[in-house]
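The values are calculated or read from the model by the stated rules, or taken from the named source; none is laboratory data. Note that the structure is predicted; figures quoted are calculated from it, not measured. We place every Cβ from the backbone using ideal geometry, glycine too, and count neighbours over all the protein chains shown.
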Amino acid sequence: MTAVKDKLRTRADLLRRVRSFFDGRGVLEVITPVLSRAAGTDPAIEPLKTRYTGPGHPQGLELYLQTSPEFPMKRLLAAGSGPVYQIAQVFRDGEYGPRHNPEFSLLEWYRPGFDHHALMGEVAELVIEVLQMDLPIEKIAYVDLFREHLGWHPLEAELSMLEARARELDLLVEGITTRDQWLDLFMSLVIEPQLGNECLTFIYDYPASQASLARISPDDSALASRFELYYRGVELANGFHELTDAREQRRRFEQENLQRQHQGQRPMPVDEYFLAALEAGLPDCAGVALGLDRLLMLKLNVSCLDDVLSFSLKNA
């Protein structure tokens, strides 16, 4: 019982520190709907769905549980909300393991006037405040990361060479056909465990093909203004200098739905309200999503997400 209370108190303290951090910076806490008629199109994320039957929809209305509060939060930004944050419960199908649960707590916030480099600084300040540790910070470009750890350029290497290197490392290669799939394999199994062991490590400027909601880098059209944060081998946050072009965003959604179909996945209904908000005018901004359960896991020095959740999938 004491261990349970300690875990609950530590989570409550973490949430207090998060709210105090943003309150001191004038960032407004918001709540947006968990249910939506639309869903994200990212082939790597599968939403959970439910069905409403009642007044207004006697035949039923298919709804999706949010995988992120990103789209409605950007609608608020376009409506003039100013900087906002949200502590949200989000849901993803097919995700369960030491660092995954189909329902988890996500902290997401958006900063008008920030680019992804400015937001990296604020993310680091928040994590240091919550963990109560004076941690050094390092920033490494995605291309340089692969050169440093594997010795080759991730966007120039031949696919046949990537397969050969994977086999040399005894990595499971069945079903992998695209460059992004190969790079994800090397990133998750070879590089990630080595990141952030003594510091907060930010990886930035990912391949444009891996950042459908980020703007293209002004310095290299093959790259996008995206970053991720790692600490002790755990991915904690994923952020963007946000794309504000509605036409380009629609094109990317359509491209991802085509990819979903090609991979045997169901295409997702596009969020027209979100695209209309982009059309109306999303301010220049950067945004980030940070896994609070993973952050709590690191704070408590445990290796499994089940150890920080009140009830995980196995006992929900």
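Structure values in brief
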{"item": "Answer from Leu126, Leu169 - the residue that is of a type outside the set (Lys, Arg) and within 25 Å of the chain's Cα centre (by Cα)", "result": "Leu126"}
{"item": "Which listed residue, of Arg247, Arg260, is touching a Lys or Arg at 6+ places or on another chain (Cβ under 8 Å), surrounded by fewer than 20 Cβ atoms within 10 Å (Cβ to Cβ), over 14 Å from Phe71 (Cβ atoms) and of a type outside the set (A, V, I, L, M, F, W, C)", "result": "Arg260"}
{"item": "Some residue of the stretch 128-141 being at pLDDT 95 or above, surrounded by 12 or more Cβ atoms within 10 Å (Cβ to Cβ), within 19 Å of Ala211 (Cα to Cα) and out of contact with any Asp or Glu (no Cβ under 9 Å at 6 or more places or on another chain)", "result": "yes"}
{"item": "Test result for Arg165, modelled with pLDDT under 95, surrounded by 14 or more Cβ atoms within 10 Å (Cβ to Cβ) and either in a strand (DSSP E or B) or basic (Lys, Arg) (or both)", "result": "yes"}
{"item": "Pick from the stretch 168-182, criterion surrounded by 14 or more Cβ atoms within 10 Å (Cβ to Cβ), of a type in the set (A, V, I, L, M, F, W, C) and more than 18 Å from Gly233 (Cβ to Cβ), ranking: modelled with the highest pLDDT", "result": "Trp182"}
{"item": "Residues (part of a strand (DSSP E or B) and basic (Lys, Arg)) located in the stretch 172-230", "result": "Arg226"}
{"item": "Selection count where residues are closer than 14 Å to Thr201 by Cβ, among the aliphatic types (A, V, I, L, M) and in contact with a strand residue (DSSP E or B) (Cβ under 7 Å, 6 or more places away or on another chain), scope the stretch 225-254", "result": "3"}
{"item": "Residue count, the stretch 54-87 (criterion: farther than 12 Å from Leu35 by Cα and not in a helix (DSSP H, G or I))", "result": "16"}
